[in-house]
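Below is one structure, written out as structure tokens; comments come after it.
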Amino acid sequence: MGNEKGVCVVCGEAARGKPAIADFAIGFMRRARKTLGAKPVHTVCCEKCMPECKKRRVGFESAKRTYLVLAALLFFGIVGSGAYLGADNMGLVVVAVVGALVFALTPYLRYAPRFSQD
Ligand SMILES: [Zn+2]
């Protein structure tokens, strides 16, 4: 079956459903909740919300790919033009890294977990 008790990530109801597959973002949120002293929640997706979950995951994955390309373009754009202009200082690299990180993390604002399909 693979159905586990938890809180549905879409409708927010306590339900039985497919468990979310733990990844970097879920591990981070679990640690954050633990640090804040919040009760850990088991994220699942109930049967009726599964189509919505899949749609969100597809949207998140394509956003992640797009933003990774943008982050790389931004990074090499800043570092490259800096080097071209002869301004290859550390400050520029820091700006490029921070800018690229912001781009790379933007899709996580609408993060959607993956769910086991069995
Ligand atoms: Zn639901």
Pairs, first touching a residue at least 24 places away in the same chain (Cβ under 8 Å) and over 11 Å from F115 (Cβ atoms) in the stretch 7-23, second of a type in the set (D, E) and more than 10 Å from the ligand (Cβ to nearest atom), C-beta under 8 Å, six or more apart: R16/E4
Scan the stretch 41-62 and tell me whether some residue there is at pLDDT 95 or above and among the aliphatic types (A, V, I, L, M). yes
Name the residue that is nearest to the ligand (Cβ to nearest atom), counting only residues in the stretch 41-72 that are of a type in the set (S, T, Y) and out of contact with any strand residue (DSSP E or B) (no Cβ under 6 Å at 6 or more places or on another chain). S62
With the checklist (1) surrounded by 15 or more Cβ atoms within 10 Å (Cβ to Cβ); (2) within 16 Å of the ligand (Cβ to nearest atom) in hand, flag the one item V79 doesn't pass. (2)
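In this structure, does A32 turn out to be touching a residue at least 60 places away in the same chain (Cβ under 8 Å) and closer than 19 Å to Y108 by Cβ?
Here the answer is no, as A32 does not meet what is asked.
Out of all the residues in the stretch 3-40, which are within 16 Å of the ligand (Cβ to nearest atom) and part of a loop (DSSP other than H, G, I, E, B)?
Filtering the stretch 3-40 down to residues within 16 Å of the ligand (Cβ to nearest atom) leaves 3-20.
Of everything in the stretch 3-40, those that are within 16 Å of the ligand (Cβ to nearest atom) and part of a loop (DSSP other than H, G, I, E, B) turn out to be N3, V9, V10, C11, G12, E13.
The values are calculated or read from the model by the stated rules, or taken from the named source; none is laboratory data. A quick note: this is a predicted structure, and the numbers were derived from the prediction, not measured. In this analysis, Cβ positions are derived from the backbone assuming ideal geometry, glycine residues included, and neighbour counts consider all displayed protein chains.
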